[in-house]
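Just so it is clear, none of the values below were taken in a lab; they were calculated from the coordinates. All values derive from a computational prediction rather than experimental measurement.
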Amino acid sequence: MTAIDDLNELLAPLPGYAVLTPTMKQNALNMALIPDAAGVWPGNPDYVTTYDVYWAAISLSGYMMAQPFVKQAASEGTSTTVDAPNWSGILAYFRSQSVIAQATEATPILTELVIPGLPHVIATDMSGRWDGYGDVDTDLA
């Protein structure tokens, strides 16, 4: 089963699904790339494409919620009434299953990164460059 199939399976029962285009779904998946099972990040050599389909579903849900749905219709003695789904419950479930949502809720968005000593990295001693406002002034020549 592909990621598109998984995404379709999550979204197909919901109103508004029919207006989603394949391009919209693929764009949502492209924004939901996560490290693969070996811990390799997207864009690195040997990366195996891995998606957080729940995050992709969350990103498409707003568009689906904005679509009209049948509330009541009648024709020759028959009538139909359809209520909107519990979108907050659906989104809560998607967030609970999303690796990306769990990571952003459990840890700070900004984290310290170790920058390797590569040829294009120039180490600069920033001591003594305090600007008086509590910041280190990094634009001094």
Fill in: Gain in span if fully extended, Ala74 to Asp6, counting 0.36 nm per residue against the direct Cα distance
21.0 nm
Item to complete: With the Cα gyration tensor of the stretch 3-106 in hand, convert its eigenvalues to equivalent ellipsoid semi-axes via √(5λ) and list them largest first in whole Å.
Response: 34, 14, 9
